[in-house]
Amino acid sequence: HPLPYIRCILVLVAYLHTKHHLSFRACALLLQALNFVFRTIPGKLLGNQEMPRTLVTVFSQLGLSDKFKIYPICYLCNRIFTESDGFSLCPTCKVDLYRSQSRRLFNRLFAVDVLGDNDDDSDSDGGDDFGYRSNRTAHLVQPIQLLSDALRDLLTRPGMVDAVNAWKRRPIVAGELKSIHDANVWKTIQGPDGTSFFFGRGARDEIRLGLSLSLDWFGKKTSSYGPSHSSGALSFCVQNFENEIR
Ligand SMILES: [Zn+2]
């Protein structure tokens, strides 16, 4: 937004939502009230500019939109489906992937939250159903960001190309192991042509990324939402970076 004091408000609203869980509707109410105040008090504080009136627009203007896509999955076998698959039943488990339309229509008509699962307070301009743009609501969804998409986003940021090549300029001291770049795996791992991946032919002039995959899992818990569940974090790391930014 071109007006700095409006930008401050947008950041504040986004912060209130992410840190203090102010709902989408409450954020919209706040934005619309401020919009009304700015338009009615003398001084034309908004000039000819429009001020966002929903949290989704705020996220969009601040570039805080999600980087992942939402896919429906089977709630029994967890198979992932895409819209182009054309499935409405899991072919293995024979269960519906989507909730019935009638219940949704009933909910819309009478604003009844039968299962208590519709408290995400979605905005009127914010897509629907967890961002999955379809008329159908999946029983269970999965957010997914492909590694290739994440790497593309990463490398388009300013300074990233230099940062992933910076290890090539590190002085190597024999016998000192201060980084993954000093160790044997980095020095000896082979590329598809059988030569050293990081030191072989063409390696100096290309961006060659070393990725590691980490998995951490947390203990089983029980809650009112299910008999048991556990949580896991799966993360990729670009090992090319220096230790302090990796
Ligand atoms: Zn299934």
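Below is a table of values for the structure above.
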| item | result |
| --- | --- |
| Amide hydrogen neighbours beyond the local backbone of Val141, cut-off 5 Å, H modeled | Ile73 |
| Within straight-line cross-link reach of Lys19, lysines at Cα separation under 22 Å, skipping those fewer than 8 residues along the same chain | Lys67 |
| Heavy atoms of Tyr15: accessible area, 1.4 Å probe, square angstrom to 10 | 110 Å² |
| Cut-off 20 Å, label 7 Å out along Cα→Cβ of Leu45, residues of the stretch 9-39 by amide N | 9-17, 26-39 |
| Extension gain, Lys69 back to Ala33 (0.36 nm per residue minus Cα-Cα distance, nm) | 9.7 nm |
| Per-residue HN-Hα couplings for the stretch 236-246 [Karplus 6.51, -1.76, 1.60; θ = phi - 60°; Hz; x = Gly/Pro] | 9, 10, 7, 6, 4, 5, 5, 3, 6, 10, 6 |
| Extension gain (nm, one decimal) between Lys19 and Phe87, 0.36 nm per residue minus Cα-Cα | 20.7 nm |
| The stretch 4-62: Rg to Rh, with Rh as the Kirkwood radius over Cα pairs | 0.97 |
| Cα coordinate range in the stretch 147-245, projected on the principal axes (Å, largest first) | 57, 34, 29 |
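The values are calculated or read from the model by the stated rules, or taken from the named source; none is laboratory data. Just so it is clear, the model here is predicted, and its values are computed rather than measured. Every residue, glycine as well, gets a Cβ built from its backbone with ideal geometry; the counts of neighbours run over all protein chains shown. Calculation scope for accessible area: heavy atoms of the full protein, side chains included, ligands and nucleic acids excluded. Shrake-Rupley method; radii C 1.70, N 1.55, O 1.52, S 1.80 Å.
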